[in-house]
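First the structure, in the form of structure tokens, and then the observations on it.
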Amino acid sequence: MRTYLVTGGAGFIGSNYIHYMFRKYGSSIRIINVDALTYAGNLENLKDIEDQDNYTFIKADITDADAIRKIFADNDIDRVVHFAAESHVDRSIKDPEIFVKTNVLGTAVMLNCARAAWEMPDGSFQEGRKFLHVSTDEVYGSLEEDGGYFYETTPYAPHSPYSASKASSDFLVKAYIDTYHFPANITNCSNNYGPYQFPEKLIPLIINNALHGRKLPVYGDGKNVRDWLYVDDHAKGIDMVMEQGRLGETYNIGGHNEKQNIEIVHIIIDTLLEMLPENDDRGKLVSKDLITYVEDRKGHDRRYAIAPDKIRAEIGWEPETMFKEGIRKTIAWFFEHEDWMENVTSGDYQKYYEEMYANK
Ligand code: NAD
Ligand code: TYD
């Protein structure tokens, strides 16, 4: 039975990936989920699988080398899928240091412990072991509005403390590949959306605010472009790179789904109004009048867009979910999980929201 060590599995993409993997492989794999349970980590995301014999949760911080070393010593880990990170650009602008600690130092610890566990006396690595580092297209910087795409060969040019910390972590992985022939892949993906996404990010924040009749904050002129990828398509891409990716290679994973932020907000409002039953009072609250242009994000990247040519040609992965379908699935999930949204937005979230949006 193959054993996966997933870091950050209690977060948005990690929990979707774990669900995807159990749907696909059932009891033929074992997953150990290591997560520090920061504000973004939520064990409720994995409630339906928590009692499975082939699933284990370990609360640990990836910067704690002793704890991570012990997990490798106690378990025969075949594969590492490394999601754990601080992931929100606005938070990185306010408090950059924790991004350096978790994203850079945390990745260094993960690499070191995996290498120590997998390297043989002659410097080669045990057969079948692999480390997949999950990164972002934001490391490539910002594209012009009217053209161009990010390729694996695009030079790194990160702008925010978040993307700079992710770029640093990518370089560490590349250094391990070049120096030790460490068996790894890096994936750089575009903006994900789907179930379990924390409502600090654009799509769940707009859905939640609209359903409560709250202002819908749009930064700057609302014309920044992101390339939206449905999270299940991403999970599938990660699994395919793990299985078929050539060692040492980077693969970009994108949705071919470019939209301006203001378009996203309009689509969400239209879809909410279409999907809400007639007798649902929330329908009276949802309105385009809630759209409020606010002060722009500092250093706001204008456009991200991935050309997923390499992963399509080499591995046969393609995004399958059109945005219209993905957003309906996402909204349907939020309708069915109102209690999830209530739980994650109580307590600290209120404080975060007031601090982040008070002066905007
Ligand atoms: P998230 O913020 O929802 O989840 C991060 C998870 O990591 C949480 O469960 C958190 O508790 C855990 N974590 C944070 N610090 C930790 C630490 N020190 N030790 C152990 N666990 C820790 O993030 P996400 O959106 O699921 O993103 C996952 C990965 O994908 C990140 O590496 C991110 O950079 C990358 N990524 C995300 C997107 C996106 O659109 N969400 C796009 C591109 C890349
Ligand atoms: P976000 O979901 O934070 O992802 P990222 O910054 O990693 O791309 O933001 C997506 C886009 O939406 C980005 O251009 C910033 C913008 N945005 C808003 O306009 N309003 C908001 O309240 C948020 C959170 C984001």
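The values are calculated or read from the model by the stated rules, or taken from the named source; none is laboratory data. Quick caveat: nothing in here was measured; it's all calculated off a predicted structure. Note that each Cβ is placed from the backbone with ideal geometry, even for glycine, and that neighbours are counted across all protein chains shown. Ligands, DNA and RNA are excluded from the accessible area calculation, which covers all protein heavy atoms including side chains. Shrake-Rupley method; radii C 1.70, N 1.55, O 1.52, S 1.80 Å.
Using 18 Å as the Cα-Cα cut-off, could you pick out the over-long pairs in Lys130/Lys174; Lys24/Lys59; Lys236/Lys310? Correct reply: Lys24/Lys59. A Cβ-based charge dipole, computed about the Cα centre of the chain with Lys and Arg at +1 and Asp and Glu at -1, lands at about 320 debye.
Charge tally for Asp348 (other residues, Cβ to Cβ under 13 Å; Lys, Arg +1; Asp, Glu -1): -1.
Global dimensions of region 130-228 from alpha-carbon coordinates: Rg and Dmax equal 16.6, 55 Å.
Split the accessible area of the chain by element, probe 1.4 Å, and carbon with sulfur accounts for 49%.
Please name which of Phe150, Pro204, Val173 has its Cα lying farthest along the dipole of region 135-217 towards the positive end, using unit charges on Cβ (Lys, Arg +1; Asp, Glu -1) and the Cα centre as origin. Checking the options against the dipole of region 135-217, the answer is Pro204.
Amide hydrogen proximity for Phe57: with H placed 1.01 Å from N in the peptide plane, the residues at 5 or more positions away or on another chain lying under 5 Å are Asn33. Within the assembled protein chains, the solvent-accessible surface assigned to Val139 is about 0 Å², based on a 1.4 Å probe. Subtracting the Cα-Cα distance of Ser27 and Tyr219 from their residue separation scaled by 0.36 nm leaves 64.6 nm.
Comparing the chain with the 2.2 N^0.38 Å rule of thumb, its C-alpha radius of gyration ratio is 0.97 (two decimals).
Sparse packing (at most 12 other Cβ atoms within 10 Å of the Cβ) combined with a DSSP loop state is found for the following trypsin sites (Lys or Arg not before Pro) in region 283-315: Lys298. Taking 20 Å as the cut-off, the amide N atoms of region 184-200 that come nearer than this to a point 7 Å along the Cα-to-beta-carbon line of Glu355 belong to 198-200. Lysines within cross-link reach of Lys201: Cα-Cα under 20 Å, excluding same-chain residues under 8 positions apart? Straight-line reach from Lys201, under 20 Å: Lys94, Lys166, Lys215, Lys223, Lys259, Lys288, Lys298, Lys324, Lys329, Lys351, Lys360.
The GluC sites (Glu not before Pro) of region 103-154 that DSSP puts in a loop, and whose beta carbon has at most 11 other beta carbons within 10 Å, are Glu127, Glu144. A cut-off of 5 Å between modelled amide H atoms, ignoring neighbours fewer than 5 places along the same chain, links Asn192 with Leu229. Would you grab the residues whose amide H sits under 5 Å from the one on Tyr219? Only those 5+ places off in sequence or on another chain, please, with H modelled 1.01 Å from N. Distant-sequence amide H within range of Tyr219: Val294.
Were the residues from Glu320 through Asn112 laid out at 0.36 nm apart, the gain over their Cα-Cα distance would be 71.3 nm. Positive contributions from Lys and Arg (+1) and negative ones from Asp and Glu (-1), summed over other residues with Cβ under 11 Å from the Cβ of Arg303, come out at -3. For region 39-52, 3J(HN,Hα) computed residue by residue from phi via the Karplus equation (6.51, -1.76, 1.60; θ = phi - 60°) reads 3, 8, x, 8, 5, 4, 4, 10, 4, 5, 10, 4, 9, 5 Hz, glycine and proline entered as x.
For the chain, the longest principal axis of the Cα atoms and the long axis of helix 106-118 meet at an angle of about 30 degrees. Protein heavy-atom accessible surface, 1.4 Å probe, per residue over region 241-323: 50 Å².
In order along region 343-360, phi translates into HN-Hα couplings of 5, 6, 9, 7, x, 4, 4, 4, 5, 4, 4, 4, 5, 6, 10, 4, 9, 8 Hz, rounded to whole numbers, per the Karplus curve 6.51 cos²θ - 1.76 cosθ + 1.60 with θ = phi - 60° and x for Gly and Pro.
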